[in-house]
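Working notes, beginning with the structure itself.
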Amino acid sequence: MKFRLGNKEFVVRKCKNDDCQFWYTLSEKNMKRYAEIEWGSWDGDLIRSTFDKNKIWIVEFEGERIAFYDFEFKKDHTFINNIQIVDSFKGQGLGYFIINFIENE
């Protein structure tokens, strides 16, 4: 699926097995510091064990992966597990768009 945000066109697609390293690397870059503060360490093996391509969506810009998100529809609500965006696309409304997109689903 394609969408426009400002003058940029993005592609959203289901996650594939070969997206695992992107998913892990971006998660580690964005979240390791917080995990170390909250739990004392970053457990890469534990994080990798939570990878479920069936719940993850990848966002691309000009053929490059720039974000991912995952959410679950529950009986009476939707639970957003994660939204991760590369630094160069933060602060441009992408996270806001993703939340609104999930809400409309």
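The values are calculated or read from the model by the stated rules, or taken from the named source; none is laboratory data. Since we're looking at a predicted model, the values are computed, not measured. As a convention, Cβ positions derive from the backbone with ideal geometry for all residues, glycine included, and neighbour counts pool all protein chains shown. Areas reflect the complete protein model, heavy atoms only, side chains present, ligands, DNA and RNA absent. Shrake-Rupley method; radii C 1.70, N 1.55, O 1.52, S 1.80 Å.
When the range 19-43 is filtered for residues that are open to solvent by less than 70 Å² (accessible area, probe 1.4 Å), assigned to a helix (DSSP H, G or I) and free of Cβ contacts under 8 Å to residues at least 40 places away in the same chain, the ones remaining, listed by number, are C20, Y24, T25, E28, A35.
Would you check if E9 is open to solvent by 80 Å² or more (accessible area, probe 1.4 Å), touching a residue at least 24 places away in the same chain (Cβ under 8 Å), closer than 18 Å to G93 by Cβ and of a type in the set (D, E, K, R)? So E9 passes the test.
Looking only at residues that are on the phi > 0 side of the Ramachandran plot and without any contact (Cβ under 8 Å) to a residue 12 or more places away in the chain in the range 46-105, which one is most open to solvent (accessible area, probe 1.4 Å)? Once the filter is applied, the top-ranked residue is E62. Within the range 55-82, being part of a loop (DSSP other than H, G, I, E, B) and closer than 17 Å to S27 by Cα holds for one residue alone: K55.
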